[in-house]
Amino acid sequence: MSEIITSAVLIGILTSAIRLATPYLYAAIGEAISEISGVVNLGVDGIMLLSAYGAFFVALNTGNLWLGLLTGALVGVAMGLLMAFISVTLKAEQGISGIGLYMFGLGLSSLLFKTTIGTVKTVVGFQPVRIPLLSDLPSLGEVLFDQSLPVYAAFLLVPLAWFILEKTTWGLRLKAVGQTPAAADSLGVSVDRVRYIAVCVGSMLAGLAGASLSLALVNLFQENLTAGQGFIAVALVYFGGWRPLGILLGALLFSTVNAFQLWMQVLGVAIPSDVAVMLPYLLTIVVLAFTVSRVRGPAALNKPFERGEH
């Protein structure tokens, strides 16, 4: 094993890990924003799938990657509005609503793919953009500063999300709605409006996660492209304790494991491929087993708000 894992392979694994963390970061930070407001959205994977299809279809037919990325974000917003209407306005059980949204996204993306594309095709996706001077740093430059723009944006989203949640009035309202919605309502904060915005913003980021997957990572679309990454993103919210920095660390952990198993298969290491593919999902189970009971989420998480109830 030591003869196989050379410095070049290690750099390759870390470079891949940075890229593979991109959809996790978009989707998990988006889900954290939604959950901090009190709404669990288990439909993240379905949103990612439908957005990945929409982004790829537009990019394939127009040749415009940015228009494809915008399409992915808009599909995410539309799915977010649907989720918010069901869970906030109709006050349906959020877990069941989210699973329904996932199944809707999975089925519709598969149907649209078969009827409009038919077979796996590829596009020239977002290419690496070298950052002057920083990309010339030994080892570190190649790993961190020779990535595509959607990758850079995903990592910049971490401090941006922290600032919004911790340093802005909207962030304080978001937390108040997720912790004590009745108190927030008594102070004139519209609980439903805040939750609608949070769910739509979170779903938009899930849409960007799907679009980055099909346009910046694999540069294609196929049925069930996400392979459950949306559910891992939900797990990362719990792993990170609803904090952007914690989510970043979790995303890097999962993406590194994923990159490692991919490289082991490429290098021909005698590991059964099925076992290698299972590694990220086994890690998800272990993480949830050790973290869910140790972290406290928003007090009103998964609880519909009824004015007058306390």
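The values are calculated or read from the model by the stated rules, or taken from the named source; none is laboratory data. These figures come from a predicted structure and were not determined experimentally. Note that we place each Cβ from the backbone using ideal geometry, even for glycine, and neighbour counts take in every protein chain shown.
Quick check: anything in the stretch 24-36 modelled with pLDDT of 95 or more and not in a helix (DSSP H, G or I)?
No, because not a single residue in the stretch 24-36 is modelled with pLDDT of 95 or more and not in a helix (DSSP H, G or I).
For the stretch 225-246, which positions are free of Cβ contacts under 8 Å to residues at least 24 places away in the same chain and assigned to a helix (DSSP H, G or I)?
Filtering the stretch 225-246 down to residues free of Cβ contacts under 8 Å to residues at least 24 places away in the same chain leaves 227, 246.
Correct list: Gly246 only.
Just to be sure, is Gln222 surrounded by fewer than 21 Cβ atoms within 10 Å (Cβ to Cβ) and free of Cβ contacts under 8 Å to residues at least 24 places away in the same chain?
Details: surrounded by fewer than 21 Cβ atoms within 10 Å (Cβ to Cβ): yes; free of Cβ contacts under 8 Å to residues at least 24 places away in the same chain: no.
No, not satisfied.
Which residues, taken from the stretch 61-118, are crowded, with 24+ Cβ neighbours inside 10 Å, under 25 Å from Ala216 (Cβ atoms) and of a type in the set (Gly, Ala, Ser)?
Of everything in the stretch 61-118, those that are crowded, with 24+ Cβ neighbours inside 10 Å, under 25 Å from Ala216 (Cβ atoms) and of a type in the set (Gly, Ala, Ser) turn out to be Gly68, Gly72, Gly76, Gly80, Gly105, Ser109.
Quick check: anything in the stretch 132-153 closer than 21 Å to Val77 by Cα, of a type in the set (A, V, I, L, M) and surrounded by 15 or more Cβ atoms within 10 Å (Cβ to Cβ)?
Of the stretch 132-153, the ones closer than 21 Å to Val77 by Cα are 150-151, 153.
Add one more test, that the residue is of a type in the set (A, V, I, L, M), and what stays is 151, 153.
Adding the requirement that they be surrounded by 15 or more Cβ atoms within 10 Å (Cβ to Cβ) leaves 151, 153.
Checked the stretch 132-153: at least one residue is closer than 21 Å to Val77 by Cα, of a type in the set (A, V, I, L, M) and surrounded by 15 or more Cβ atoms within 10 Å (Cβ to Cβ).
Do you know which of the residues in the stretch 154-170 that are touching a residue at least 12 places away in the same chain (Cβ under 8 Å) and within 30 Å of Ala259 (Cα to Cα) is surrounded by the fewest Cβ atoms within 10 Å (Cβ to Cβ)?
Checking each candidate, the answer is Pro159.
Among the residues of the stretch 171-198, how many are assigned to a helix (DSSP H, G or I) and exposed (fewer than 12 other Cβ atoms within 10 Å of the Cβ)? Steps first, answer last, please.
From the stretch 171-198, those assigned to a helix (DSSP H, G or I) are 171-179, 181-186, 191-198; that's our starting set.
Imposing the further condition that a residue be exposed (fewer than 12 other Cβ atoms within 10 Å of the Cβ) reduces the set to 186.
Looking only at that region, the number is 1.
Yes or no: Ser203 of a type in the set (Gly, Ala, Ser) and modelled with pLDDT of 95 or more? Please lay out each step first, then the result.
Values: of a type in the set (Gly, Ala, Ser): yes; modelled with pLDDT of 95 or more: yes.
When the stated conditions are applied, Ser203 passes them.
In the stretch 42-57, is there at least one residue being surrounded by fewer than 24 Cβ atoms within 10 Å (Cβ to Cβ) and of a type in the set (Val, Ile, Thr)? Steps first, please.
Going residue by residue through the stretch 42-57, those that are surrounded by fewer than 24 Cβ atoms within 10 Å (Cβ to Cβ) are 42, 57.
Restricting the remaining residues to those that are of a type in the set (Val, Ile, Thr) gives none.
The answer is no, given that none of the residues of the stretch 42-57 is surrounded by fewer than 24 Cβ atoms within 10 Å (Cβ to Cβ) and of a type in the set (Val, Ile, Thr).
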